[in-house]
Amino acid sequence: MYRLAGTSALRHLDRLGWNPVRHPDRASGKMGDMSEIDGMGTERATCVLAPNPSAMTLNGTNTWIIAEPGSSEAVVVDPGPKDGKHLRRVLDTVEAQGRRVGLVLLTHGHPDHSAGAGKFARLAGGSVKVRALDPRHRLGDEGLGEGDVITTGGLELRIMETPGHSDDSLTFWLPADDAVLSGDTVLGYGTTVLEGSLGDYLGSLDRLRAFSAEAGAATILPGHGPKLDDPIAVLDHYIDHRRERLAQVEAAVAAGARTAREVVERVYVDVHKSLWPAAESSVQAQLDYLNGR
Ligand SMILES: [Zn+2]
């Protein structure tokens with residue numbers, strides 16, 4: 001029996017030169033324009049778009065520079081791929097603001113977000129640390145996790161663990177701007193393919209939805225694609241989409257599909273075949289979820 005595990009599918013994509021942000025449904029999404037993404041943000045957050053666009057990374061990775069007005073220190077979230085020109089441009093942007101880099105944070109460890117982090121920290125200066133949930137992606141001995149509050153340069157960033165896209169996915173809340181930095185848990189368009197468990201992901205979406213409503217979130221600043229100005233509507237869409245897909249997978253299994261591949265062949269008929277390996281990893285997560293509940 002042919003059964004492709006999620007991580008194998010991702011490795012397969014890596015061999016194809018694709019970064020692990022997956023979006024089998026992007027045909028139904030709205031493409032952002034590069035010029036509207038680079039430089040976008042809020043009062044405290046500015047996006048520097050990395051030049052790594054692909055079917056999987058949408059327009060490229062969004063690197064975020066975040067700083068309190070009047071502060072001489074900035075926090076850089078997700079330096080991006082190991083691309084010297086991009087890393088240099090991020091640093092130049094920080095310096096053009098009259099600031100230096102105080103800290104680097106990672107929303108998760110996928111290489112399109114993290115591969116350049118060590119190089120960037122060294123470029124920025126000897127003592128700059130990289131904090132991440134997964135110890136493998138840290139520089140220095142400080143981790144990052146649920147309930148942590150970052151106060152670099154007078155900034156306030158609150159950390160939530162939101163697993164699902166990956167086991168180490170974090171979401172950052174920037175209360176002064178009512179902004180949610182969602183990493184790849186929520187993207188600027190389309191939906192995310194899962195490497196972690198669907199149960200975790202649904203829990204993370206429900207939590208972000210409840211949090212956004214209670215905290216009055218006004219903006220989502222995603223890891224890829226344009227920013228989103230109606231967080232509740234976006235999260236409702238994500239939650240509905242997952243429920244619909246789950247119902248489709250259940251129906252395909254009821255109709256006789258036995259493997260992730262067989263489910264994909266039924267459910268993702270309208271999606272280009274180049275994205276089927278990614279879809280398969282997503283379907284496998286759904287099958288695991290259905291089998292486990
Ligand atoms: Zn990504």
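No value in this document is a laboratory result; all are computed from the given coordinates. Quantities reported herein were computed from a predicted structural model and do not represent experimental measurements. Quick reminder, even Gly has a Cβ in these numbers, built from the backbone with ideal geometry, and neighbours come from all protein chains shown.
Numbers at a glance
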read-out: Cα-based helix-to-principal-axis angle, 198-215 vs the chain, degrees rounded to 10; value: 50
read-out: Percent breakdown of C-alpha pair distances by 5 Å bin, ordered from the shortest bin, for region 115-202; value: 3, 13, 19, 23, 22, 15, 5, 1, 0
read-out: Nearest-0.05 FRET efficiency for residue 88 and residue 206, computed from C-beta distance (R0 30 Å); value: 0.15
read-out: Calculated from backbone phi, Karplus (6.51, -1.76, 1.60) coupling profile of region 261-275 in Hz, x at Gly/Pro; value: 4, 5, 5, 4, 4, 8, 8, 9, 3, 8, 10, 4, 4, 4, 9
read-out: GNM result for the chain, Cα springs below 10 Å: residue of 56, 160, 34 fluctuating most strongly; value: 34
read-out: Fluctuation leader among 113, 272, 137 - the chain, Gaussian network, Cα springs under 10 angstrom; value: 272
read-out: Unsatisfied cross-links (Cα-Cα over 26 Å) in the set 85/129; 85/227; 85/273; value: 85/273
read-out: Dipole magnitude of region 185-293, debye to nearest 20 (Cβ charges: Lys/Arg +1, Asp/Glu -1, about Cα centre); value: 200
read-out: Global geometry of region 43-168, whether rounded, prolate or oblate, following the gyration tensor of its Cα atoms and the 1.5 cut on a/c; value: rounded
read-out: Helix-only CD estimate at 222 nm, as mean residue ellipticity for the chain, using -39500 (n - 2.57) per DSSP H run (n ≥ 4); value: -11000 deg cm²/dmol
read-out: Most positive-pole-ward Cα, 153, 77, 40, against dipole of the chain from beta carbon charges; value: 77
read-out: Length-normalised contact order of the chain in % [C-alpha pairs under 8 Å, at least 6 apart]; value: 19
read-out: Cα gyration tensor of the chain - equivalent ellipsoid semi-axes, whole Å, descending; value: 33, 19, 17
